[in-house]
Amino acid sequence: MSFELDEALLEEENIGEKLVEEIAKRLGRNIQDVFSMISEKQERMGNLLSFEVVALIVAKEVGINISEFVSAVEKRIFDETPK
């Protein structure tokens, strides 16, 4: 059984991972703690926002320059086509 990796999915994972890594570095915490922190905030927001958008919010809150991530997240959100 074979499959092709969706480039957009790969990009999405990389954006989320990069944001988590940057937040972890800034806070001096491990990746799992940061992932949990973002997921909890996402739940408190009623799961209305994607993980990447909430990660952007958290990154901004801890003082990370998010400008390099915004366009990639925006592209993923607005270029999605319903399946």
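Could you give me the residue pairs with C-beta distances under 6 Å whose first residue belongs to the stretch 54-81 and is of a type outside the set (Ser, Thr, Tyr), whose second residue is surrounded by 13 or more Cβ atoms within 10 Å (Cβ to Cβ) and not in a helix (DSSP H, G or I) wherever it lies, and which are 6+ apart or on separate chains?
56/66; 59/66; 60/66
Suppose the filter is among the acidic types (Asp, Glu) and modelled with pLDDT under 95; does residue 43 pass it?
No: the conditions fail for residue 43.
Condition first: surrounded by 11 or more Cβ atoms within 10 Å (Cβ to Cβ) and among the charged types (D, E, K, R). Now tell me which residues in the stretch 36-60 satisfy that. Walk me through it before giving the result.
Let us first name the residues in the stretch 36-60 that are surrounded by 11 or more Cβ atoms within 10 Å (Cβ to Cβ), namely 36-42, 45, 47, 49-60.
Those that are surrounded by 11 or more Cβ atoms within 10 Å (Cβ to Cβ) and among the charged types (D, E, K, R): 40, 41, 52, 60.
Go through the stretch 50-83 and report how many residues are modelled with pLDDT of 95 or more and not in a helix (DSSP H, G or I).
5
The values are calculated or read from the model by the stated rules, or taken from the named source; none is laboratory data. What you see is a predicted model; the values in this text were computed from it and never measured. Counting neighbours? That spans all protein chains shown, and the Cβs are built from the backbone with ideal geometry, glycine included.
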